[in-house]
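Visitor: Sharing a structure below in structure tokens format, with a few things to ask.
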Amino acid sequence: MNINRGNPFQKEVVLDSWPDFKAIITRRQKEAETDNLDHYTNAYAVFYKDVNAYRQLLEEHGVINWDQVFQIQGLQSELCDVSKAVADSKQVDVKLASFKAVCLPTVSTADTSFLMSSSLRLTYLSVADVDLLNQTWSRGGNEQCRRYITNLISCFPSVCVRDDKGNPMSWSMMDQFATMCHGYTMPEHRRKGYNQLVILTLARKLQSRGFPCQGNIVDDNTTSINLAKSIHGDFLPCRFHRLILTPPAFAGQVHP
């Protein structure tokens, strides 16, 4: 969907065959400028009808850049074992993270009435907020993530509640795979309904532009799980998998 909307992250699609394909991978265009340590941007998304066709794409020369740190994302369980097996054959380290996958229903409106009597503003994120977002994201704290967040804010919709001084209090944004990510509320402003407001507002904004509303939640994040249930989120029977792959040349240099 992002490729068809200006392709801001310079993605392309690789198929095993056409028109009757059995595996599909999206990747960064090879001519796009890359940082070999930037697994945030060096990202592949995978879907397959036949797992063996996916394995063949992994093994085929030139489909995957195995000489840099990168990530693979997908919703199919065999993705992990097959990717790791091929990576092991190349002596590439694999770190797996797995999450609950959730889709939000159509959002007609979000209740903003409790902001009316205050000096708070419902707005969007700015590149001026990047340092704060980099510090507060569980995947952040490094220069690659800082640059990645800057690109996300510049390219995609976001929502933010700001205090009377313009400081971000609660926010969420969209990533390069049209997934809602980095939903966060500053500790001193939690349990006030800001997170729900931000998520529903962003969901409505995405839906108005034709995007699905999807997200991933860590298993022990009961607060986010309960919030998703309260707004009638649909937890998928499959899980979301993210693998970070590191070739030997960059061992010990990668942020989680």
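The values are calculated or read from the model by the stated rules, or taken from the named source; none is laboratory data. The shown structure was predicted, so the numbers you read here are calculated from the model rather than taken from an experiment. Please note: Cβ atoms are built from the backbone with ideal geometry, for glycine as well, and neighbour counts cover all protein chains shown. Side chains are part of the model used for accessible areas, which takes the heavy atoms of the whole protein and leaves out ligands, DNA and RNA. Shrake-Rupley method; radii C 1.70, N 1.55, O 1.52, S 1.80 Å.
Visitor: Over 26 Å between C-alpha atoms is what I'm after, so list which of Lys84/Lys205; Lys22/Lys84; Lys95/Lys205 land there. Mind dumping the intermediate values first?
Guide: On the way: Lys84/Lys205 37 Å; Lys22/Lys84 20 Å; Lys95/Lys205 33 Å.
Cα-Cα > 26 Å for Lys84/Lys205; Lys95/Lys205; rest within.
Visitor: Suppose only helical runs count, i.e. DSSP H with n ≥ 4. What mean residue ellipticity at 222 nm does that imply for the chain under -39500 (n - 2.57) per run, divided by all residues and rounded to the nearest 500 deg cm²/dmol? Before the final figure, lay out each step's value.
Guide: Values: 7 runs with 69 residues, N = 256.
Calculated from helices alone, the mean residue ellipticity at 222 nm is -8000 deg cm²/dmol.
Visitor: Another one. Viscosity 1.002 mPa s, temperature 20 °C: Stokes-Einstein D of the chain from its Kirkwood Cα radius, in µm² per second? Walk me through the numbers on the way to the answer.
Guide: On the way: Rh = 19.4 Å.
Here the translational diffusion coefficient equals 110 µm²/s.
Visitor: Could you compute the net charge surrounding Tyr44? Neighbours are other residues with a C-beta less than 12 Å from the C-beta of Tyr44; K and R count +1, D and E count -1.
Guide: Values: positive: Lys11, Arg27, Arg28, Arg242; negative: Glu12.
Neighbourhood net charge equals +3.
Visitor: So how compact is segment 1-140: Cα radius of gyration and Dmax in angstrom?
Guide: 19.3, 61
Visitor: Just the accessible area per residue of the chain, please: how many Å² with a 1.4 Å probe? Provide the component values of the computation, followed by the final result.
Guide: Details: 13010 Å² over 256 residues.
Per residue, the chain has 51 Å² of solvent-accessible surface.
Visitor: Further question on the same structure: Once neighbouring chains are kept in place and the probe is 1.4 Å, which whole percent of the accessible area of the chain is contributed by carbon and sulfur? Each step should come with its number before you reach the end.
Guide: On the way: 6330 of 13010 Å².
Carbon with sulfur: 49 percent of the solvent-accessible area.
Visitor: Show me, bin by bin at 10 Å from 0, the whole-percent P(r) of segment 183-256 based on Cα pairs.
Guide: Using 10 Å bins, I get a P(r) of 14, 37, 28, 17, 4 for segment 183-256.
Visitor: Tell me which residues come under 5 Å, amide H to amide H, from Ser158 once H is placed; ignore anything under 5 positions away on its chain.
Guide: Leu125
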